[in-house]
Amino acid sequence: MLEDKNQERTSLEKLGEFGLIDHLTQNFQIQNESTLKGIGDDAAILDFGDKKAVVTTDLLIEGIHFDLSYMPLKHLGYKAVMVNLSDVYAMNAQATQITVSIAASNRFPLEALEELYAGILLATKTYGVDLIGGDTTSSQTGLLISITALGEASEEKITYRDGAKPNDLLVVTGDLGGAYLGLQVLEREKEVFKVNPNNQPDLEPYSYIVERQLKPEARKDMVKLLNDLNVKPTAMIDISDGLSSEILHLCKNSKVGCNLFEEKIPLDPTVISACEEFKLDSTTVALNGGEDYELLFTIDQSDFDRIKGNPNLTVIGHMTDIADGAHLISRANTKIPLTAQGWNSFDPPK
Ligand code: ADP
Ligand code: MG
């Protein structure tokens, strides 16, 4: 028996995802010069000469990260790739290859895995990445998918989480909160379906937010846009856990504070109306919802003219001295400390 029954037991929930990562990895030191950046950013950066290689990996587990009762397998395959590509783009790099590893129980026939791979295929074609390998094994219960993405960038282009300076502008791509609300709609329809399986849901009014949840797009286009505009962000991260949590990552890594302006947070009209329907506060949803896979970055003020007026880019705040802390400036002009209620897979299921 590996387990020592007398050992102290600390619940993972208590540590949280980031606390757990910090704890498990604290004794690992970089031993190779080619490891330019190891743990702690959206992706690792490896130095193999002229170009730098970018590597990131994610693990998705049925029942934790996805629910097959409303997530079609094709969408799941597509989304699993997006989650990884998003981390590559968050380094201001180009994604080039992926590996895909799966573990499936005998509940899944060939046809189901074909659907999954149809989604993966569509993603590789749309984003121009090559599937170069992986691993396949069986599992006791559900489906597990682990994807690794590789990418490349020149050293000058790579953007870490730690380069933001006080007075830099905080910018976000697209709009926020949609993916979370799409999930609320799908969860509600699932409950309705349980009660009355003949009830065909009309998801049409919610198509934008449902699509944000089921078929997100990684912002390859925004990396290109920044390049075309000749803007190099000082720091960047992708929004997987929620705006609040990602801002705090940028602040912590860059050793700066931040003022985020509530009135500037970009919201789609569908998000606003769905919030009213679900009696949710749209700011809370944007701050803590997660899974939007937009890019959040900081730029020097002198770059403002290059990005202003672009409908895809919204300035939502600015960085401050670390001593000022990280705050939301509400519409009523009150200063509220930002807290990381980001999505935590160790939270007990609701
Ligand atoms: P993201 O949300 O962008 O995918 P994570 O929060 O999952 O990033 O991870 C943060 C950092 O910690 C990344 O550098 C990631 O590679 C690293 N990391 C996550 N889990 C582990 C682990 N079990 N062992 C080592 N490093 C890890
Ligand atoms: Mg990330």
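The values are calculated or read from the model by the stated rules, or taken from the named source; none is laboratory data. Bear in mind that the values here come from a model prediction, so they are computed numbers and not experimental data. Note that we place each Cβ from the backbone using ideal geometry, even for glycine, and neighbour counts take in every protein chain shown. Side chains are part of the model used for accessible areas, which takes the heavy atoms of the whole protein and leaves out ligands, DNA and RNA. Shrake-Rupley method; radii C 1.70, N 1.55, O 1.52, S 1.80 Å.
All of (1) under 19 Å from Leu183 (Cβ atoms); (2) within 16 Å of ligand 2 (Cβ to nearest atom); (3) not hydroxyl-bearing (Ser, Thr, Tyr) hold for Cys275 with one exception: (2). Contact annotation: residue pairs with Cβ atoms under 7 Å, 6 or more positions apart or on different chains, pairing a residue in the stretch 80-103 that is farther than 12 Å from Tyr293 by Cα and without any contact (Cβ under 8 Å) to a residue 60 or more places away in the chain with a partner that is within 14 Å of ligand 1 (Cβ to nearest atom) and open to solvent by 10 Å² or more (accessible area, probe 1.4 Å), are Thr96/Leu150; Gln97/Leu150; Ile98/Thr148; Thr99/Thr148; Ser101/Ser146. Of all the numbered requirements in (1) on the phi > 0 side of the Ramachandran plot; (2) more than 16 Å from ligand 2 (Cβ to nearest atom), Gly40 misses one, and that requirement is (2).
Look at the stretch 141-158: where a residue is open to solvent by 10 Å² or more (accessible area, probe 1.4 Å) and a partner is among the hydroxyl-bearing types (Ser, Thr, Tyr) and part of a strand (DSSP E or B), sitting 6+ places away or on another chain with Cβ atoms under 6 Å, you get Ser146/Ser101; Thr148/Thr57; Thr148/Thr99; Leu150/Thr96; Glu152/Thr96.
Just to check your reading of the model, which residue among Ala164, Ala179 is outside the structural domain of Tyr117 (by TED's automatic domain parsing), open to solvent by less than 10 Å² (accessible area, probe 1.4 Å) and either among the basic types (Lys, Arg) or in a loop (DSSP other than H, G, I, E, B) (or both)? Break it down into steps so the answer makes sense when it comes.
Values: Ala179 fails: either among the basic types (Lys, Arg) or in a loop (DSSP other than H, G, I, E, B) (or both).
None of the others qualify; the one that does is Ala164.
Answer yes or no: is there a residue in the stretch 115-125 that is among the charged types (D, E, K, R), in the same structural domain as Met71 (by TED's automatic domain parsing) and touching a Lys or Arg at 6+ places or on another chain (Cβ under 8 Å). Yes, the stretch 115-125 has at least one match.
Against the condition assigned to a loop (DSSP other than H, G, I, E, B) and surrounded by fewer than 17 Cβ atoms within 10 Å (Cβ to Cβ), how does Asn198 come out, does it pass? Write out each step before concluding.
Values: assigned to a loop (DSSP other than H, G, I, E, B): yes; surrounded by fewer than 17 Cβ atoms within 10 Å (Cβ to Cβ): yes.
Taking the combined requirement at face value, the residue satisfies it.
Of all the residues in the stretch 106-125, those that are closer than 30 Å to Val223 by Cα, open to solvent by 80 Å² or more (accessible area, probe 1.4 Å) and not basic (Lys, Arg) number 2. The stretch 279-343 holds strands (runs of 3 or more DSSP E) entirely within its bounds, and those carrying 1 or more residues that are open to solvent by less than 70 Å² (accessible area, probe 1.4 Å) and under 20 Å from Ala90 (Cα atoms) map to 295-299, 313-320.
Scanning the stretch 78-99 for residues that are part of a helix (DSSP H, G or I) and within 16 Å of ligand 1 (Cβ to nearest atom) returns Lys79, Ala80, Val81, Met82, Val83, Asn84, Leu85, Ser86, Asp87, Val88, Tyr89.
Taking the options Ile30, Ile64, Ile39, Ile21, name whichever one is part of a loop (DSSP other than H, G, I, E, B) and under 25 Å from Leu143 (Cα atoms). Testing whether each residue is part of a loop (DSSP other than H, G, I, E, B) and under 25 Å from Leu143 (Cα atoms) leaves just Ile64. Of all residue pairs spaced 6 or more apart or on separate chains, those with beta-carbon atoms under 8 Å, a first member in the stretch 17-31 that is surrounded by 11 or more Cβ atoms within 10 Å (Cβ to Cβ) and a second member that is assigned to a helix (DSSP H, G or I) are Leu20/Leu12; His23/Leu15. The residues in the stretch 107-140 that are more than 15 Å from Leu73 (Cα to Cα), touching a residue at least 24 places away in the same chain (Cβ under 8 Å) and assigned to a helix (DSSP H, G or I) can be counted, and the count is 2. For the stretch 50-77, a residue qualifies if it is within 16 Å of ligand 1 (Cβ to nearest atom), open to solvent by 70 Å² or more (accessible area, probe 1.4 Å) and closer than 26 Å to Gln94 by Cα, and the qualifying residues are Thr57, Leu59. Restricting Lys252, Lys232 to those that are more than 19 Å from the chain's Cα centre (by Cα) and either assigned by TED's automatic domain parsing to the domain that holds Thr56 or at pLDDT 95 or above (or both) reduces the list to Lys232. How about the stretch 32-46: which of its residues are open to solvent by 30 Å² or more (accessible area, probe 1.4 Å) and in contact with a helix residue (DSSP H, G or I) (Cβ under 8 Å, 6 or more places away or on another chain)? Hits for the stretch 32-46 are Ile39, Gly40.
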